[in-house]
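Below is one structure, written out as structure tokens; comments come after it.
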Amino acid sequence: MTTREIAIIIWGTIFFIILYYKKLVGLDLISSLAKSVLDILKSPISRWILLYNFFVAFGVYYYCEKYNFYMSNWYIKDYVYALLFVLFPLVLASKNNKINLIVKSKFKELLVLTGILTFITETYTFNIIIELVLTLFIGIMAVMIGISESQLEFKSVNKIFNIIFYFVIILIIFLSFRNFINNTRGAS
């Protein structure tokens, strides 16, 4: 597990505990969320995606076992992340659009640029203190951008929030690429 994932888990847990004790999150919200997830899983395309991914995961596992190839369980975790945060959003979008149009228009974007950036920025993270600060800052900025976009009286600061947010994201990508390049130089 990367330091970024640990930082997200720490802040997510703190946030959930605060919401729970302030009575903003209760069992009704959790059951509503579970019902929504089940509704998504009941759609026909979701069943096909789950079935396909089950066979892919089983095939990879079988291949690794048969040929004594070690594969970390963290790769499986990353595969599940991709399934949940790439494929299922496509399923949700397919309710309003034809799935073929979505896949054709998003295929290169999803697999090429995003995949490379995600791999490098998720693999080359910072120490836990920096990740805790960055995760909190990015979370706060995302909320501030959402509020400033939706409420008319905050429209003037939206551009400033976006500039700061994108600057931090570009800085993270740059530093991750620098670590990636330094590691490849050290390996050769």
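When Rg is the radius of gyration of the Cα atoms in region 12-66 and Rh is its Kirkwood radius, what does Rg/Rh come to? List each step's numbers first, then the result.
On the way: Rg = 17.8 Å, Rh = 14.1 Å.
Ratio of gyration radius to Kirkwood radius: 1.26.
At 7 Å along Cα-to-Cβ for each site, give me the label-to-label distance between Lys42 and Glu65 in nm.
3.4 nm
We did not get these values from a lab; they are worked out from the coordinates using the rules stated. Computed from a prediction, not measured in an experiment: that's the story for all the values here. Cβ: placed from backbone, ideal geometry, glycine included. Neighbour counts: every protein chain shown.
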